[in-house]
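Have a look at the structure below before the remarks.
The values are calculated or read from the model by the stated rules, or taken from the named source; none is laboratory data. Since the model is a prediction, treat every value here as computed from it, not as a measurement. Because the Cβ atoms are built from the backbone with ideal geometry, glycine has one as well, and the counts that use them run over all protein chains shown. Side chains included, ligands, DNA and RNA excluded: accessible areas come from the protein's heavy atoms. Shrake-Rupley method; radii C 1.70, N 1.55, O 1.52, S 1.80 Å.
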Amino acid sequence: METALRPLGTVMELIEKLGHEVTYAYEDLVFINHNDFLLQFDATDPNALDMFFNTECAAEEADATTSKIVPEGANMGLTIRRKGSYSMSEAPDNSLQIAFHS
């Protein structure tokens, strides 16, 4: 089965327009500077992304970011859905562990 190409360049452009920076992309995850939120590409639609906010991000900041990124993403052909939150911790083997919360 072929995987559709994900528009990472478009996502990076969107994030930069909003005053943020993509710091790392790994498989289907896109990490944003300061870890306030991250994006996850949809498994079936390469132009759709789920947005998760760090559990430490203030609700007002999350709401403000959502109100900017969703319409701007739509203007660029991306569907961005706010899905929930996430937390990060260090695993025993010193790798990064991410837990998603609905």
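Of the residues PHE31, PHE100, PHE53, which single one is assigned to a strand (DSSP E or B) and free of Cβ contacts under 8 Å to residues at least 12 places away in the same chain? Full working, then the answer.
Numbers: PHE100 fails: free of Cβ contacts under 8 Å to residues at least 12 places away in the same chain; PHE53 fails: free of Cβ contacts under 8 Å to residues at least 12 places away in the same chain.
Just one listed residue meets the conditions, PHE31.
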- Message: Name the single residue that is most open to solvent (accessible area, probe 1.4 Å) among those in the stretch 71-89 being out of contact with any strand residue (DSSP E or B) (no Cβ under 7 Å at 6 or more places or on another chain) and part of a helix (DSSP H, G or I).
- Response: ASN75
- Which residues, counting only those in the stretch 19-49, are closer than 19 Å to GLY77 by Cβ and surrounded by fewer than 13 Cβ atoms within 10 Å (Cβ to Cβ)? ALA43, THR44, ASP45
- Task: Restricting attention to the stretch 46-68, report how many residues are modelled with pLDDT of 95 or more, closer than 17 Å to LEU5 by Cα and more than 9 Å from the chain's Cα centre (by Cα).
- Result: 2
